[in-house]
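Okay, structure first, notes after.
Throughout, read-outs are computed from the coordinates displayed, never taken from laboratory work. Every value quoted in this text rests on a predicted model; they were computed, and no experiment measured them. Methodologically, a virtual Cβ is constructed for each residue, glycine included, from the backbone with ideal geometry; neighbour enumeration extends over all protein chains shown.
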Amino acid sequence: MQSLSRAAPYRRDPAPSRWAYKMQRLWLTPAFRGFMRFGVPLLMVALAVGIFLASPARRESLWGMVASAKEQVTERPMFMVNLVSIDGASPELSDAVRAKLNLRLPQSALKLDLDAIRVTAENFDAVARAVVRLGAANVLQITITERQPAWVWRTEGGLILLDDTGHRIAGLAARADRADLPLIAGEGANQAIAEAQAVLQAANPFANRLRGLVRISTRRWDLVLDRDQRILLPAENPVAAVEGLIALNTAENLLARDLTSVDLRNPQRPVLRLAPAALDAMRAAHGITVPTETKS
Amino acid sequence: MTDLYQSQRTMRHLRKTALQRGMIAILDVGTSKIACLILRFDGIEEPGEADGMGSMAGQSNFRVIGAATTRSRGVRFGEISAMNETERAIRTAVQAAQKMANVRVDHVIACFSGGEPRSYGLAGEIELQDALVRENDVARVLAACDAPDIGEGREVLHAQPVNFALDHRTGLADPRAQSGNRLACDMHLLTVDAAVVQNLLYCIKRCDLDLAGIASSAYASGIASLVEDERELGAACIDMGGGSTGMSIFMKKHMIFSDSVRLGGDHVTADIAQCLHVPLAVAERIKTKHGGVHATGMDDREMIEIGGDSGDWEKDRRQVSRTELIGIIRPRVEEILEQAAERLDAAGFSHLPSQQIVLTGGASQIPGLDGLASRILGQRVRMGRPLRVQGLPQAATGPSFASTVGLCLFAAHPQDEWWDFDIPAERYPARSIKRALKWFKDNW
């Protein structure tokens, strides 16, 4: 007779199958786990994006969507710049800057490259510094600091105005246009403006006689006075030489005499060159006769 | 023997790798249950505790993070008899423990009680070359031990140096860097049936695990349930398992003898099942619930419902008194204890200074066993429980987990074995590059 009580249910094997065991062990491997948790989702996203972008039409429409959204934002009226105001510059300069910038207004402020505008303005010779900012009511404010002309430089190509750092400002038609500025000449004169300034300051006592400074061999300065007098300064320490000359001049009234040049290149021994007439007079006074040279 | 030497060295290497990685599994393949613990090693052992035990008994550096027990299947007398079943049981235990610990373990240290362990005491002696003991001298003296005939198909499970003697001084724990002329050593060799080890190895391999160590469960439960002074002064541990009862004698912190009786708690269950005509599962339940070894007048009146599923009313309503049950259990328990006593006597346990015997293992939980055991084994018998280990679940602290816990301690503090020392250069074949390299290493 079969048992009356409930038949014992089929007992499931509690042991994991070989595959379940292996899968559990695999899942407990940290590298695999990390891969499943981060690597696989990333790969899935990358795959989805890749599939979406694989077709050119979808790519085009996506870029178009992005561009139009961007346009919509940038073209809003509160971002539009309608006016450029240039301050601190002469009318000619501001016109030139305006022409060079060539801004098509109205334009969105988000598209303006203020840095590029600043660089363009500062590329003008006459501009020392430019400050560009978007002012109130979306006015593009360009504040320009102009270079102040301090020297006139006579070159082979003509006259050039320089500022006190030696930077070119503009050309000059005639010396008489800026007679108030000191004149320099010679190659590389603009490189040594600071020295020229010092020499000029030192030579102040005979400033009324000074015609200009000449840079010799991009190395030293000559002072040119009226009556074709020339003072040759040393390359080293020209200011001291000028001061020495002033002392001599005060004592001996040197420059009033009939000299063509004073050579101060050797500080120990100034050399004077007399004008021919003065030389003859001096020789006659000393009773020296020189046979007249006959040039063949 | 070199083959085994190599495989033991490989296991040693794997164990080191596992300890570095900080994760190792403990697998106790028993006859009645398979237990798996997962240990996490963290922190550095505090130094200076090499000799005496610290407050945490030297086990502060690991923690049990996963534990699982499952009913053993396909294991008889501590040996694998049905490989597939055992593999499934191991998989169950390992998977549950991994799930609890939430880590994957690759290295496992296993212990088993079968294989008919046999102990051998070996002695070796060498003359020292320069009156100072060096590392390779220890290896040489171990290699100089006369190898006994361990028999066909047997393998060495443990080969532990237990004592070193230098000239007339004996009882040295570590002879290195001491001066003397003659170094002698005693080694304890434990051999088991090679096929049993091979089966276990294969079974663990089929579970995708690497065997990083193997130990006899009698040794492991001795480590866990003997306290420090018992191990120092000499004591025997009797691990009464399901299918076999293992004995190990410890002296001066070393195991000096181990043996096993192929009788255990399962035999008691089988007796009950036969006498009462009940299935083994019912017999097991009756044994654990009502079992005992001392009958009193109270037990005559305590009737136990046997129950049954036969459909026969008379048979399914049978009752036995507890006295009858004890009458079935007691002779078998006595037999086990007598056999154990016999083995201990044969090993010369009675000559040891201390006659302490510790009973542990699942079958030692029968109430009243200590009284019965002291009548058979001698007066100094106590019931042993394993040491407490950090993180061990409450369910796994009973005496049936002695060898599992012992294996944890074995993993944390492995004892030096023969294969932990380098092979002396003379043992390599002549003209080998290894020999030349070894010679260079030893001499420079």
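Using 1/(1 + (r/R0)^6) with R0 = 25 angstrom and r between the beta carbons of B:H277 and B:T323, what's the FRET efficiency to the nearest 0.05?
Step by step, r from the Cβ atoms, then E = 0.85.
Amide H of A:G212: which non-local residues (sequence gap of 5 or more, or other chain) have their own amide H closer than 5 Å, using H built in the peptide plane?
Close amide H contacts, sequence-distant or interchain: A:V224.
I'd like the FRET efficiency for A:T289 and A:R257, computed as 1/(1 + (r/R0)^6) with the beta carbon distance as r and R0 of 30 Å, rounded to 0.05.
According to the calculation, E is roughly 0.85.
What 222 nm value per residue comes from the helices of chain B, counting each DSSP H run with n ≥ 4 as -39,500 (n - 2.57) and dividing by all residues, nearest 500 deg cm²/dmol?
-11500 deg cm²/dmol
Measuring from centroid to centroid over Cα atoms, what is the spacing of region B:187-244 and region B:92-132 in Å?
Rounded to whole Å, the Cα centres lie 7 Å apart.
As an exercise, use a Förster radius of 45 Å and the Cβ-Cβ distance of A:N237 and A:M282 to find the FRET efficiency, rounded to the nearest 0.05.
E between A:N237 and A:M282, to the nearest 0.05, is 0.90.
Normalized C-alpha radius of gyration of region A:149-286, against 2.2 N^0.38 Å?
Against the empirical 2.2 N^0.38 Å value, I get 1.11 for region A:149-286.
Dividing the alpha-carbon radius of gyration of region B:275-382 by 2.2 N^0.38 Å (N being the number of residues), what value is obtained?
Scaled against compact globular proteins, the figure is 1.31.
Under a point spin-label approximation (7 Å from Cα along Cα-to-Cβ), what is the A:Q191-B:E305 distance to one decimal in nm?
Calculated label separation equals 12.0 nm.
Grab the alpha carbons of the protein assembly as shown, take their convex hull, and tell me the volume per residue in Å³.
478
Cα convex hull of chain B: how many Å³ per residue?
Hull volume normalised by residue count: 158 Å³.
Please turn the phi angles of region B:293-300 into ³J(HN,Hα) values with the Karplus equation 6.51 cos²θ - 1.76 cosθ + 1.60 (θ = phi - 60°), one per residue in order, whole Hz, x for glycine and proline.
10, 10, 8, 10, x, 4, 5, 5
Just report the Cα centroid separation between region B:385-405 and region A:142-188, whole Å.
101
Need the list of lysines near B:K289 for cross-linking: C-alpha distance under 27 angstrom, and skip anything on the same chain fewer than eight residues off.
Filter leaves B:K33, B:K315.
Can you give me the long-range amide H partners of A:A150? Hydrogens built in the peptide plane at 1.01 Å from N, cutoff under 5 Å, separation of 5 or more residues or another chain.
Amide H neighbours of A:A150: A:L162, A:D163, A:D164.
Mind pulling the per residue volume of the convex hull built on the Cα atoms of region B:139-191? Å³ is fine.
Convex hull volume per residue, Cα atoms: 80 Å³.
Compute the orientation-averaged projected area for region A:77-146 from the convex hull of its Cα atoms and round it to one decimal in nm².
Its average projected convex-hull area is 4.1 nm².
State the Cα centre-to-centre distance between region B:271-333 and region A:244-296 in whole Å.
Region B:271-333 and region A:244-296 have Cα centres separated by 150 Å.
List the residues whose amide H sits under 5 Å from the amide H of B:Q178, counting only those 5 or more places along or on another chain, with H placed 1.01 Å from N in the peptide plane.
So B:Q178 has HN proximity to B:V133.
Project the alpha carbons of region B:89-136 onto their principal axes and report the range along each, largest first, in whole Å.
Largest to smallest, the principal-axis extents are 56, 29, 11 Å.
Mind jotting down a quarter of the surface of the convex hull over the alpha carbons of chain A, in square nanometres, one decimal?
Averaging across all directions leaves 43.6 nm² for the Cα convex hull.
For region B:186-339, just run the numbers: alpha carbon Rg, then divide by 2.2 N^0.38 Å, N being how many residues it has.
Compared with the compact-globule rule of thumb, region B:186-339 sits at 1.36.
Determine ³J(HN,Hα), in whole Hz, for all residues of region A:124-129 in sequence, where each value follows from phi through the Karplus function 6.51 cos²θ - 1.76 cosθ + 1.60 and θ = phi - 60°; x replaces Gly and Pro.
Once θ is set to phi - 60°, the couplings for region A:124-129 become 5, 5, 7, 9, 7, 8 Hz.
A:K111: which lysines have alpha carbons under 19 Å from its alpha carbon, excluding same-chain residues fewer than 8 sequence positions away?
Partners found: A:K70, A:K100.
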